[in-house]
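Quick notes on the structure that follows.
The values are calculated or read from the model by the stated rules, or taken from the named source; none is laboratory data. Since the model is a prediction, treat every value here as computed from it, not as a measurement. FYI the Cβ positions are ideal-geometry reconstructions off the backbone, even for glycines, and counts take in every protein chain you see. To get the accessible areas, we keep the full protein, side chains included, count just its heavy atoms, and leave off ligands, DNA and RNA. Shrake-Rupley method; radii C 1.70, N 1.55, O 1.52, S 1.80 Å.
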Amino acid sequence: MGIQIFLGLLACCCLTFVNADLEGYKIYDITPCNAFEQHILEDMDRIKGYDFLHRPRALNVSSRVMVGPKDQNDIESTLTKLAVNFTIFNDDVSKSINRERIQNGKVRSLSRGISFTNFQRFDQINAYLDELAVRYPDRVKVENVGKSYEGRQLKTITISNGDRRPNKNVIWIDGGIHAREWIAPAAVLYVIQQLAENFQVNKDILTRYDFVILPVVNPDGYEYTHTRERMWRKTRRPTAFGCPGTDGNRNFDFHWGEVGVSNSACDETFKGQKAFSEPETQIVRDQLLKLKGRAKFYLAIHAFGNYILYPWAWTTAPSPNAASLAEVANAGAYAIQAATGTRYTVGQPSKVFYAAAGGVDDWAYGVAGIPICITMELPGAGSTGFDPFPQHILPIVSETWIGIKAMIQKVISKF
Ligand SMILES: [Zn+2]
């Protein structure tokens with residue numbers, strides 16, 4: 001039986017969509033060893049009901065897919081028949097997520113400061129930003145920059161050395177455009193903590209640059225992963241096609257929809273009904289345009305996969321200053337490897353795995369004119385890849401900061 005027909009039959013059996021409780025869901029690790037197996041995985045990526053937590057990227061790189069009970073016989077027999085090696089990474093996702101919930105709920109939130117022994121809820125994150133503005137009024141400013149579809153207040157925090165120079169260069173950092181990547185807002189919060197509360201150590205950076213930081217781009221999705229569906233990725237705005245939510249990182253108006261996106265609202269990489277259809281992507285767009293000319297470094301934090309990526313994502317053609325981008329990205333990767341041994345792959349997404357259009361980084365580079373734009377995919381951890389155990393949060397975010405700091409220093413040496 002031809003692979004297309006085989007996978008076609010498989011697709012018919014797999015019209016279920018990942019449900020809220022994930023009871024009995026399994027996660028499979030599949031590593032393609034040749035082009036044929038890679039092709040099988042890419043075809044599977046298009047099947048509804050197969051939630052690729054880590055999409056097929058390259059030969060000999062494992063991908064991770066979550067599948068519900070009804071579809072497990074199909075995927076296992078397909079992989080077995082086609083002689084593709086796989087392992088079961090997690091044999092009951094709901095159990096591990098329930099354990100995570102209990103563990104996360106055990107840690108009482110602090111009355112002051114921020115904790116890296118559990119994941120914070122959106123209100124706690126905003127409260128921390130407001131607290132810093134009160135504690136450091138000369139150096140920290142918090143601004144309400146717009147509301148999410150469900151009415152949550154997005155806040156940016158601007159951290160400076162207090163010199164109030166109007167045309168000072170700026171570094172923008174954001175996280176959490178993909179809801180389930182909890183380690184991303186945590187890593188951004190760690191950067192905020194270091195810059196605001198560890199000012200003496202980081203004074204030199206702040207003498208040269210101001211920081212504008214948005215720790216949770218997609219708070220509706222983020223809260224939804226805390227209260228309903230742990231593996232939700234997109235925004236929460238309804239679409240005309242039944243399934244709610246758009247992939248914010250496919251929704252920016254630069255070669256929008258051309259490659260690596262889905263036109264189906266039920267898919268995880270749905271590009272949106274139009275470019276900038278989401279209030280959250282509009283907010284990022286407007287804030288970056290306000291910083292046009294001043295912003296020299298755009299950094300987006302994601303998870304997972306250990307990548308430091310730079311434009312272009314939509315094409316394999318090199319960007320105009322690809323050498324500088326590579327230099328900054330490599331500085332981050334080298335610093336992390338030297339500090340902890342963690343390895344990152346550096347490059348254009350379109351070259352190191354696949355092309356995708358409508359991402360924030362390509363838009364920030366191509367339209368907002370920010371010369372250094374980087375997307376960092378942090379390491380996977382825990383029972384799904386998206387849920388580092390409490391004791392792993394601080395090691396991951398502190399090693400990430402080492403890489404970010406090295407990239408900042410490289411940017412400062414250039415601009
Ligand atoms: Zn992501």
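Observations
- Comparing A133, A357, A313 in a Gaussian network model of the chain, where Cα atoms under 10 Å apart are tied by springs, the biggest mean-square fluctuation is seen for A133.
- Here r is the Cβ-Cβ distance between S398 and D21 and R0 is 51 Å; the resulting FRET efficiency, rounded to 0.05, is 0.90.
- Kirkwood estimate for the chain, i.e. one over the average of 1/r between Cα atoms, Å: 21.7 Å
- Top of D163, D92, D29 by mean-square fluctuation, Gaussian network on the chain, Cα under 10 Å: D163
- In this Cβ point-charge picture (+1 for Lys and Arg, -1 for Asp and Glu), the chain has a dipole of about 1160 debye about its Cα centre.
- Under 11 Å, Cβ to Cβ, from I372 - net charge with Lys/Arg +1 and Asp/Glu -1: +1
- Summary of the geometry: segment 336-415 and segment 229-293, compared by the centres of their Cα atoms, lie 20 Å apart.
- For Y354 and K95, the FRET efficiency from 1/(1 + (r/R0)^6), where r spans their Cβ atoms and R0 equals 56 Å, is about 0.95.
- By accessible area with a 1.4 Å probe, ligands and nucleic acids excluded, highest first: order of K405, K414: K414, K405
- Cβ-derived FRET efficiency at R0 30 Å, E42 paired with K147, nearest 0.05: 0.20
- Separation in nanometres of the label points that stand 7 Å from Cα toward Cβ, at D123 and K414: 4.2 nm
- Qualifying trypsin sites (Lys or Arg not before Pro) in segment 60-147, where qualification requires a DSSP coil assignment and no more than 13 other C-beta atoms within 10 Å, comprise R108, R112.
- Cα gyration tensor, segment 127-216 - rounded (a/c under 1.5), prolate or oblate: prolate
- Gain on full stretching of the segment that runs from A322 to T207 - 0.36 nm per residue minus C-alpha separation: 38.7 nm
- Candidates per chymotrypsin sites (Phe, Trp or Tyr not before Pro) in segment 312-378, loop by DSSP, up to 12 other Cβ within 10 Å: none
- Membrane-span-like helices in the chain (whole DSSP H runs, Cα extent of at least 30 Å along the helix axis, mean Kyte-Doolittle hydropathy of at least 0.0): 390-414.
- By DSSP, the beta bridges lying fully in the chain are antiparallel in about 55 percent of cases.
- Max mean-square fluctuation residue, GNM over the chain, Cα-Cα springs under 10 Å, options I370, I213, I88: I88
- When a 1.4 Å probe is rolled over the protein heavy atoms, the share of accessible surface on the chain that falls to carbon and sulfur comes to 51 percent.
- Distance in nm between pseudo-label sites at R135 and A58 (7 Å out along the Cβ direction from Cα): 4.1 nm
- When Rg and Dmax are taken over the Cα atoms of segment 256-415, they come to 15.9, 44 Å.
- Hydrodynamic radius of segment 202-242 per Kirkwood, over alpha carbon pairs, in Å: 13.0 Å
- By the compact-protein rule of thumb, 2.2 N^0.38 Å, the alpha-carbon radius of gyration of segment 193-332 corresponds to a ratio of 1.20.
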